[in-house]
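Novice: Sharing a structure, written as structure tokens. Questions coming.
Read the figures in this text as sums done on the coordinates, not as results from a lab. Only a predicted model underlies this, so the values are computations on that prediction, with no experimental measurement involved. In this analysis, Cβ positions are derived from the backbone assuming ideal geometry, glycine residues included, and neighbour counts consider all displayed protein chains.
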Amino acid sequence: MEQEHLKKLIAEKLGEAVQSMEEMKNNDLMIVLDSKRLVTSMGTLKNDPALGFSTLMNQLGVDYGDRFAVIYNLYSSVLRKKITVKVHLDREQPEIASLERAFPGISWFERETYDLLGIRFSGHSNMKRLLLPDDWEGYPLRKDYVYPSSYNGIDTSRKDMLDDADSEDTARV
Amino acid sequence: MLERFNIVNRLPADAEPILTTIDQAVNLARANSLWYLLMGLACCSIELMQTGGPRADIDRFGSLFRATPRQSDLMIVAGTVTFKMAPRLRRLYEQMAEPRYVIAMGSCANCGGPFDLSYNVVRGVDKILPVDVYLPGCPPRPEALTEALMKVQEKIKKERYFLKKEA
């Protein structure tokens, strides 16, 4: 009942920026937005008095293999509802506008997404790696990531004591 | 005159001379003043704090924490070392004055622990530093860390610190 009302409200306010809408298993609404109209749509979701999705709960990136997606979880204290906003991105050049202006707290979330998936956020004030060293190569959470065997001369593999079963020490174990 | 103010050696036997070597005397002093660097990187540092606390109390071995590497003799690597932390850890180790010792505390510092499949954890601190004592456990109890400290003390007491280097 309320869900229908919310669907109608969002379709009315956001118009054609919404590509699809579906209800997820936890009864929350998920909407897929057009990546070009993300900033204005999120601005509407946040600032419209009838919607009031002013709390950014989480932001994350997903690698589906053939494409990327960025997901934003919002909460409205006006409607007391959660909403999931999803944007699909191109696999080759994953880039999307930063939401730093609307939600200043998103800064580190976007840096983490860039760090682990290589999705660039244009307009971000400090688009650097967050968790990994600055000179790290590749993006570890991508599906096609190949883990390097060494980093700056540090071996990244662990020696398995059972591998060299020839030596006497391990034979006893 | 001096005997009047001597409040330590009150028994006549205490005033007798003791024969020892310089090595042994210096090693006794070094082993019982192991100041350790606060190197808490993860949950092991909670056990490290407990070991410094009143119950395990490694103060009685002359060990107390220092917040700077320049005053430390011992580095207790307590926790998970990431690749981002690795050069900083190496730098702190190099800032310590010699002779310096390292305890790898917990599974993470020994071999990477449960983070074997992670992309950013160093598989054992011995890939970047020389380690004297490996302490297993996840995390080790304060008693275990006390034992590791005693192992370092044993090692120090066996060293020939004043041995001349042969050319």
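Novice: Please report the antiparallel percentage of the DSSP beta bridges confined to chain A, to the nearest 5.
Specialist: On the way: 24 of 32 bridges.
Antiparallel bridges: around 75 percent, rounded to the nearest 5.
Novice: Across peptide B:108-121, how many C-beta atoms of other chains are within 10 Å of each residue C-beta, on average?
Specialist: On the way: counts 0, 0, 0, 4, 3, 1, 0, 1, 3, 2, 3, 13, 9, 2.
Going residue by residue through B:108-121 and averaging, the value is 3.
Novice: Can you compute the charge dipole magnitude of segment B:35-156 about its Cα centre, using +1 on each Lys and Arg Cβ and -1 on each Asp and Glu Cβ, nothing else charged? Give it in debye, rounded to the nearest 20.
Specialist: Values: 14 positive and 12 negative charges, 79 e Å.
Using only the charged Cβ atoms, the result is roughly 380 debye.
Novice: Still on this structure, I have one more. With only alpha-carbon atoms in the gyration tensor, what are the semi-axes of the equivalent ellipsoid for chain A, in Å, largest first? Walk me through the numbers on the way to the answer.
Specialist: Numbers: eigenvalues 350, 71, 40 Å².
After diagonalising the Cα gyration tensor, the semi-axes are 42, 19, 14 Å.
Novice: I would also like to ask the following. Give a quick list of GluC sites (Glu not before Pro) in segment B:93-166 that DSSP marks as loop, anything other than H, G, I, E or B, with at most 15 other Cβ atoms within 10 Å. Kindly include the intermediate steps, with their values, before the conclusion.
Specialist: Details: sites: B:GLU94, B:GLU143, B:GLU147, B:GLU154, B:GLU159, B:GLU166; in loops: B:GLU159, B:GLU166.
The qualifying sites are B:GLU159, B:GLU166.
Novice: If you don't mind, there's one more thing I want to ask. How far is helix B:22-31 tilted off the main Cα axis of chain B, in degrees rounded to 10, range 0 to 90?
Specialist: With rounding to tens, the tilt is 50 degrees.
Novice: Just need the relative contact order of segment A:2-151 here, percent rounded to a whole number, with Cα pairs under 8 Å and 6+ apart.
Specialist: Across segment A:2-151, relative contact order equals 17 percent.
Novice: Let me ask you something else. From the gyration tensor of the Cα coordinates in chain B, what semi-axes in whole Å does the equivalent ellipsoid have, largest first, with each one equal to sqrt(5λ)?
Specialist: Details: eigenvalues 253, 70, 35 Å².
With the √(5λ) rule applied to chain B, the semi-axes are 36, 19, 13 Å.
Novice: Between beta-carbons, use under 14 Å as the cut-off and find the net charge around A:THR40, counting Lys and Arg +1, Asp and Glu -1.
Specialist: Details: positive: A:LYS13, A:LYS36, A:ARG37, A:LYS46, A:ARG101; negative: A:GLU16, A:ASP34, A:ASP48.
So the environment of A:THR40 carries a net charge of +2.
Novice: When Lys and Arg each count +1 and Asp and Glu each count -1, what net charge do the other residues less than 14 Å away from A:HIS124, Cβ to Cβ, add up to?
Specialist: Numbers: positive: A:ARG101, A:ARG111, A:ARG120, A:LYS128, A:ARG129; negative: A:GLU95, A:GLU100, A:GLU110, A:GLU112, A:ASP115.
That sum, taken over residues with Cβ under 14 Å, equals 0.
Novice: While we're on this one: Determine which lysines satisfy two conditions relative to A:LYS13: a Cα distance under 26 Å, and not lying fewer than 8 residues away in the same chain.
Specialist: Here the lysines satisfying the reach criterion relative to A:LYS13 are A:LYS25, A:LYS36, A:LYS46, A:LYS81, A:LYS82, A:LYS86.
Novice: What distance in nm separates the simple spin-label points at A:ASN126 and B:LEU64, each placed 7 Å from Cα in the Cβ direction?
Specialist: Label-label distance for A:ASN126 and B:LEU64, simple model: 3.7 nm.
Novice: Let me ask something additional. Could you work out how much longer the chain between A:TYR64 and A:SER150 gets when fully extended? Use 0.36 nm per residue separation minus the Cα distance between them, nm to one decimal.
Specialist: On the way: separation 86, 0.36 × 86 = 30.96 nm, distance 2.75 nm.
Additional length available on full extension: 28.2 nm.
Novice: Could I ask something else about it? Compute the Cα gyration tensor for segment B:55-130, then decide on rounded, prolate or oblate, letting a ≥ b ≥ c be the square roots of its eigenvalues: rounded whenever a/c is under 1.5, prolate when a/b is larger than b/c in the other cases, and oblate in all that remain. Show your work: numbers first, answer last.
Specialist: Values: a/c = 2.59, a/b = 1.50, b/c = 1.72.
The shape class here is oblate.
Novice: Please compute, over every Cα-Cα pair in the protein assembly as shown, the percentage with a separation greater than 35 angstrom. Each step should come with its number before you reach the end.
Specialist: Working: 28293 of 57630 pairs.
Percent of Cα pairs beyond 35 Å in the protein assembly as shown: 49.
Novice: If one computes the Cα centroid of segment A:12-79 and of segment B:70-106, what distance in Å separates the two points?
Specialist: Here the answer is 46 Å between Cα centres.
Novice: What is the distance, in nm, between label points placed 7 Å from the Cα along the Cα-to-Cβ direction at B:GLU16 and at B:ARG88?
Specialist: Distance between label points: 5.6 nm.
Novice: Using a 10 Å cut-off around each Cβ of peptide A:148-157, what is the average number of partner chain Cβ atoms that fall inside?
Specialist: Mean partner-chain Cβ count within 10 Å for A:148-157: 4.
Novice: For segment A:91-138, what's the radius of gyration and Dmax over Cα atoms, in angstrom?
Specialist: Radius of gyration, then largest Cα-Cα span, for segment A:91-138: 10.5, 31 Å.
Novice: Can you tell me the 0 to 90 degree angle between the C-alpha axis of helix B:142-158 and the longest principal axis of chain B, rounded to 10?
Specialist: 60 degrees
Novice: For chain A, take the longest principal axis of its alpha carbons; what is the angle in degrees between that and the long axis of helix A:107-117, to the nearest 10 within 0 to 90?
Specialist: Taking Cα atoms only, the helix is inclined about 50 degrees.
Novice: Label-point separation (nm) for B:ASP23 and A:THR40, each offset 7 Å from Cα along Cα-to-Cβ?
Specialist: In this crude spin-label approximation the distance works out to 8.3 nm.
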